[in-house]
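Q: Supplied in structure tokens, the structure appears directly below.
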Amino acid sequence: MTFISRIDEKHINKDEIKKQAEILKEGKTVIFPTETVYGLGANALDENAVSKIYEAKGRPSDNPLIVHIYDKKQVNDLVKDINENAQIIMNKFWPGPITIILKKKDIVPMRTSGGLDTVAIRMPSNPIAKALLEEVKLPIAAPSANISGRPSPTRGKHVYEEMNNRVDGIILGGDCTFGLESTVLDLTNDIPTILRPGSVTKEDLENAIGQVNIDPALEKKEDNIKAKAPGMKYKHYSPNADVYIVSGDIDNVVKKVNELSYDGAKKGLKCAVMCLEENNNKYKCDTIVLGRNLEEVASNLFNALITADENEYNIVYTEEFPNFGVGRAIMNRLLKSAGYKIIKV
Ligand code: AMP
Ligand code: MG
């Protein structure tokens, strides 16, 4: 049985937070909202507790977890050395959607770090996540609260449908503001490297700490390269529908999608296109509007992919988005969802 709490982030019910914190203290699992996506948490320092996360998600054990904290001082307990870049990032972007990777202390079990000698840490800004972490007073490992390979849930409804009875507690707390997982930044080498793009962009980071590289594994189809962040080699964000990115001038994209969806319908395939609101009326097939700008697209993307499955679409086409700023994070998730299938027009 899963203990469910519904909490309004504007009026946090402390009793409910306490009950869920107790579950975590007992070495069990609790799902909670963050500003990125819902997280599936357990005590990061307890190997048995962490094992339950992998079990609930069906996640491969070499895919490391992000450790969530409520107080920057906790970083000292977890890592060997907080370098200057780490200090700047923590001061400038925490609490917020960026995860830093540093050399771990022995107290962090290998089970949490996926067998690596480094640990990924983040301080979330979502008020419910903060209240829970502060109440439990333990670092909490929390990957996205989806079954491994599925899109990450950003809506309480989807968390409940996918994870009820797979975990010990769930806090339902509204929609996640950013909607994409945190930026992951490796700070263990001379030049900081983005291992996963997110809402804190390369441009934001370069303004704060100077040169930042992007892991080359992000830009290419992952089979061929040895991914540095182990999780990157696995299938990700995959809805049941077959996803295709349609790339090119918008008029050509519209024309192509209309042709393809017309042909699809003749074969009995249910098709839809994910698009910007400004293009919604141009399509003849069903549309899934992602938003008016890149921030809205980021916030709605995973919800759109899960909703497409609920509506039993066989094929989902999507417009392409610019590969800079938060667009880079959007395209990273879309490429994975699409299995790198791009139709160029
Ligand atoms: P999730 O918790 O589902 O958002 O996934 C966390 C991701 O963070 C993993 O899939 C890795 O890509 C990355 N990550 C976590 N810890 C490390 C680490 N120590 N080194 C490199 N990447 C990491
Ligand atoms: Mg995930």
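Q: Would you be able to say whether some residue in the range 137-152 is charged (D, E, K, R) and away from ligand 2 (no atom under 16 Å from the Cβ)?
A: Going residue by residue through the range 137-152, those that are charged (D, E, K, R) are 137, 150.
From the residues that got through so far, the ones that are away from ligand 2 (no atom under 16 Å from the Cβ) too are 137.
Yes - at least one qualifying residue is present in the range 137-152.
Q: How many of the residues in the range 188-201 are hydrophobic (A, V, I, L, M, F, W, C), crowded, with 23+ Cβ neighbours inside 10 Å and assigned to a loop (DSSP other than H, G, I, E, B)?
A: Number of matching residues: 1.
Q: Do we find that ASN240 is modelled with pLDDT of 95 or more and not in a helix (DSSP H, G or I) in this structure?
A: Working: modelled with pLDDT of 95 or more: no; not in a helix (DSSP H, G or I): yes.
Here the answer is no, as ASN240 does not meet what is asked.
Q: Now, a different point. Quick one: ASP204 ticks every box in (1) in contact with a helix residue (DSSP H, G or I) (Cβ under 6 Å, 6 or more places away or on another chain); (2) surrounded by fewer than 21 Cβ atoms within 10 Å (Cβ to Cβ) bar one, so which box is it?
A: Of (1) in contact with a helix residue (DSSP H, G or I) (Cβ under 6 Å, 6 or more places away or on another chain); (2) surrounded by fewer than 21 Cβ atoms within 10 Å (Cβ to Cβ), only one is false for ASP204: (1).
Q: Residue under question is LYS341, and the condition is that it be among the basic types (Lys, Arg) and more than 20 Å from the chain's Cα centre (by Cα); does it hold? Outline the logic, then answer.
A: Values: among the basic types (Lys, Arg): yes; more than 20 Å from the chain's Cα centre (by Cα): yes.
When the stated conditions are applied, LYS341 passes them.
Q: Just checking: which of the helices (runs of 4 or more DSSP H) contained wholly in the range 58-166 hold 1 or more residues that are in contact with a Leu (Cβ under 6 Å, 6 or more places away or on another chain) and crowded, with 24+ Cβ neighbours inside 10 Å? Walk me through it before giving the result.
A: Working: elements: 74-78, 84-93, 110-113, 127-136, 156-163.
Because the criterion is at least 1 residues that are in contact with a Leu (Cβ under 6 Å, 6 or more places away or on another chain) and crowded, with 24+ Cβ neighbours inside 10 Å, the helices (runs of 4 or more DSSP H) in the range 58-166 that meet it are 110-113.
Q: Can you name the residue in the range 172-217 that is of a type in the set (A, V, I, L, M) and within 13 Å of ligand 1 (Cβ to nearest atom) and is also nearest to the chain's Cα centre (by Cα) among such residues? It would help to see each step written out before you state the result.
A: Step one: list which residues in the range 172-217 are of a type in the set (A, V, I, L, M), which gives 172, 180, 184-185, 187, 191, 194-195, 200, 205, 208-209, 212, 214, 217.
With within 13 Å of ligand 1 (Cβ to nearest atom) added as a condition, the list becomes 180, 184-185, 187, 194-195, 217.
On the way: LEU180: 5, VAL184: 10, LEU185: 14, LEU187: 20, ILE194: 14, LEU195: 13, ALA217: 18 Å.
Top of the filtered list is LEU180.
The values are calculated or read from the model by the stated rules, or taken from the named source; none is laboratory data. Keep in mind that what you see is a predicted model, and the values were worked out from it rather than measured. Note: ideal-geometry Cβ built from the backbone for every residue, glycine included; neighbour counts use all protein chains shown.
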